[in-house]
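All remarks here apply to the structure that follows.
The values are calculated or read from the model by the stated rules, or taken from the named source; none is laboratory data. Remember, it's a predicted structure, so these values are computed and weren't measured experimentally. Here the Cβ positions follow ideal geometry from the backbone for every residue, glycine too, while neighbour counts run over all protein chains shown. Accessible surface is based on the protein model in full, side chains and every heavy atom, while ligands, DNA and RNA are left aside. Shrake-Rupley method; radii C 1.70, N 1.55, O 1.52, S 1.80 Å.
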Amino acid sequence: MVNIYRSFLGVCNLVFAVSMILVAVRFWSGGSLGIRILISAGILLYPVLQPLLIYFRCRRIVNRMPREMEILFDKTGITTSANGESAHVNFSEVKSVVRILNLMIIYTQSKQGYILNDRVMEDKSKSVFNFIITKVNGGDKSSRSRIS
């Protein structure tokens, strides 16, 4: 949610919200109760309702995740283990690694990846980030990484 307003979608959300406020200023006094309710809903749609819907969707996704999960970073790739099953991703399959605020995001495919926060990583977050960057890029920290 932090970066939503940096994207094109975020700009559209802001333009829509400002437009709805201008519509409210123009038509509020002459509008009926139904029009006022629609205008109020339009104003609240992006700044209030959209973040709430995203939050509840994320909670559903997190509740479906296994409680005990282990992620191992070694010289060949990333191995995840949960519920007695394991999966391995080679570093050659990692598309990019991004560090935003206190999150490290490892993109493995177009719609898959790992999101790890600093609390989970404890004091090893920066060293793990640098390790992955080194393995993915062969030492070049600029080509597939972005630090914000």
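Some points to look at:
- Residue list for the stretch 87-103, restricted to those being in contact (Cβ under 8 Å) with a residue 12 or more places away in the chain, open to solvent by less than 80 Å² (accessible area, probe 1.4 Å) and not in a loop (DSSP other than H, G, I, E, B): V89, N90, F91, E93, S96, V97, V98, R99, I100, L103
- Some residue of the stretch 23-43 being touching a helix residue (DSSP H, G or I) at 6+ places or on another chain (Cβ under 7 Å), within 18 Å of K135 (Cβ to Cβ) and among the β-branched types (V, I, T): no
- Applying the condition of being under 16 Å from the mean Cα position of the chain (by Cα) and more than 14 Å from L72 (Cα to Cα) to the stretch 116-125 and asking which residue is surrounded by the fewest Cβ atoms within 10 Å (Cβ to Cβ) yields N117.
- Residue match in the stretch 107-130 (condition: of a type outside the set (F, W, Y), at negative phi, touching an Asp or Glu at 6+ places or on another chain (Cβ under 7 Å) and assigned to a helix (DSSP H, G or I)): yes
- With respect to the conditions (1) over 30 Å from Q112 (Cβ atoms); (2) under 18 Å from the mean Cα position of the chain (by Cα); (3) among the aromatic types (F, W, Y), F27 falls short on a single one, namely (2).
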